[in-house]
Amino acid sequence: MDLLVKRKILILFFLISLSSIFINGVLSQVEEFEVIQSVDDAHETGNGSFSYTDTEVYINSYSGPTSVNYKCGGLRFKNITIPRGSIIVSANLTVETFDTDYDSARFTIYGHDVDDSVNFADNPNIINTRSFTDANLTFIYANMGTGLKTIHGLESIVYEITSRDNWVSGNDLTFLLIASTDLDNWGFKFYSYDFDDNSHSAVLQIVWLEPEEEPTFFEELLTGDGAFIGFVLVASLMIVVTSFEKMAGLLFIMVSVFLSVYCAVNIPTNSDFFWSTIFYGFLPLILIFVMLKE
């Protein structure tokens with residue numbers, strides 16, 4: 001294959017890498033929030049029994065929603081430092097299960113639809129007196145085993161709360177895990193803050209972008225409807241440059257290494273973006289050494 005053709009193919013892969021890394025690692029921000037006190041996780045039975053001091057959060061589906069066997073859970077996360085109206089790229093909840101007899105989830109997750117949610121000591125209620133968001137996520141998973149389990153897809157719930165008129169960065173956010181009533185005894189238990197040394201509590205991870213403002217020309221070329229135009233413009237420019245400058249390959253190596261290392265350091269390994277960023281970040285390095293070899 002002609003060397004010039006190789007370079008052009010290389011550039012296309014490089015641009016895919018660059019756009020993936022820049023948008024995921026530079027424009028977006030990753031925040032993690034933990035349940036940090038006893039009063040911020042709890043469970044409630046259908047007959048009104050309530051506890052926030054147990055070492056577990058227990059959710060159990062049951063056909064009788066007023067029965068003691070019907071159990072719902074709640075998780076509150078303090079100091080959510082996300083500006084009002086931010087774009088929520090992803091929102092995931094991670095809990096730690098510990099008993100294979102109680103590892104089957106059958107519930108729907110709602111948000112507490114208020115500007116600043118209070119703890120479960122000030123409002124010892126999950127099922128009745130807390131208002132629910134319209135956005136929700138039904139989570140059904142049988143026999144998932146023990147260990148860390150992540151529930152994906154909470155973006156719309158977080159966005160509905162953080163877009164409220166009186167939401168302020170630093171407010172507190174609560175998820176309400178409401179058990180199903182269509183089948184009996186799908187039990188799901190996970191560690192609460194009160195277990196052991198308080199290090200096994202639930203974790204909320206949110207990847208977000210700043211609230212939308214009037215985009216700059218540069219931003220138009222990287223995101224939204226202008227991304228394709230920006231891609232074509234930059235691709236054309238780089239193809240022209242590399243047609244005349246062989247040393248451009250070294251520049252690609254340096255930029256790829258820098259961006260890949262930057263994102264590897266700044267994006268948590270359990271982020272949805274981490275592995276794709278590493279993959280697309282180092283792929284050009286392999287292609288560079290193969291394709292520029294004469």
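The values are calculated or read from the model by the stated rules, or taken from the named source; none is laboratory data. Everything numeric in this text was worked out from a predicted model, so none of it was measured. Quick reminder, even Gly has a Cβ in these numbers, built from the backbone with ideal geometry, and neighbours come from all protein chains shown.
Put simply, of ASP196, ASP184 the only residue that is at pLDDT 55 or above, assigned to a loop (DSSP other than H, G, I, E, B) and touching a Gly at 6+ places or on another chain (Cβ under 9 Å) is ASP184. Just one residue in the set GLY64, GLY73 is in the same structural domain as VAL168 (by TED's automatic domain parsing) and part of a loop (DSSP other than H, G, I, E, B); that residue is GLY64.
When you scan the stretch 172-199, how many residues do you find that are more than 20 Å from ASN92 (Cβ to Cβ) and out of contact with any helix residue (DSSP H, G or I) (no Cβ under 6 Å at 6 or more places or on another chain)?
Count: 12.
Annotation: SER169 fulfils all but one of (1) within 17 Å of the chain's Cα centre (by Cα); (2) of a type in the set (S, T, N, Q); (3) part of a loop (DSSP other than H, G, I, E, B); the unmet one is (1).
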